[in-house]
Amino acid sequence: MREYLKLIDTDTQGVRSDVSPLFRDFEATQKLVQDLIAPFLDLNVTHVAGIDALGFILGALVARELEAGFVLIRKGDKLPVPTFSREYISSSGHFKRLELRKDAVQKGDRVLIVDDWIETGAQMKSALGLFEQTEAEVVGMAAICIEQNKKTEKLRTQYTCHDVWSHT
């Protein structure tokens with residue numbers, strides 16, 4: 001296991017791990033970002049999209065390192081401007097919605113989507129649906145963990161997917 005992954009709190013209530021302790025360690029965070037971007041360095045990423053909320057932290061750091069723009073994928077009803085919107089059913093069985101500003105990206109942009117943890121892929125599929133409504137191209141997705149199950153398998157076959165958890 002990569003040393004910095006040991007900072008993630010897996011002794012939590014419920015099924016989710018808490019990645020926030022990793023962020024308080026500067027060197028660990030830097031190593032994480034370097035590992036996350038490695039497969040995307042030659043893909044001419046123009047924009048990184050971070051999913052609300054921990055994807056904002058990781059996405060902004062990844063965008064800075066890739067010298068790319070950063071766009072936010074927000075939870076429903078947070079943006080006071082025209083948006084693309086997609087609903088999904090969360091891993092907890094609740095209906096939720098993601099939104100993207102209609103002017104966030106344009107034709108020819110190459111987008112890397114970043115989040116902290118992808119459990120069922122439902123939220124990521126919703127994010128992908130937002131970009132289907134634009135003329136930008138999604139070049140891949142990166143996360144600390146993309147769980148390996150039937151629900152995320154389709155993502156892995158259709159996109160360049162990279163996580164650091166399953167490669168330990």
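Tabulated data for the structure shown
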| item | result |
| --- | --- |
| Matching helices (runs of 4 or more DSSP H) fully within region 1-100 where at least 3 residues are surrounded by 15 or more Cβ atoms within 10 Å (Cβ to Cβ) | 26-37, 54-66 |
| Verdict on residue 120 being modelled with pLDDT under 95, under 27 Å from residue 34 (Cβ atoms) and either within 17 Å of the chain's Cα centre (by Cα) or in a helix (DSSP H, G or I) (or both) | no |
| Whichever residue in region 133-163 is among the charged types (D, E, K, R) and either buried (at least 19 other Cβ atoms within 10 Å of the Cβ) or at pLDDT below 95 (or both) and, among such residues, is nearest to residue 17 (Cα to Cα) | 147 |
| Unmet requirement for residue 96, which otherwise passes all of (1) touching a residue at least 60 places away in the same chain (Cβ under 8 Å); (2) farther than 23 Å from residue 6 by Cα | (1) |
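The values are calculated or read from the model by the stated rules, or taken from the named source; none is laboratory data. Only a predicted model underlies this, so the values are computations on that prediction, with no experimental measurement involved. Glycine also receives a Cβ, built like all others from the backbone with ideal geometry; neighbour counts cover every protein chain displayed.
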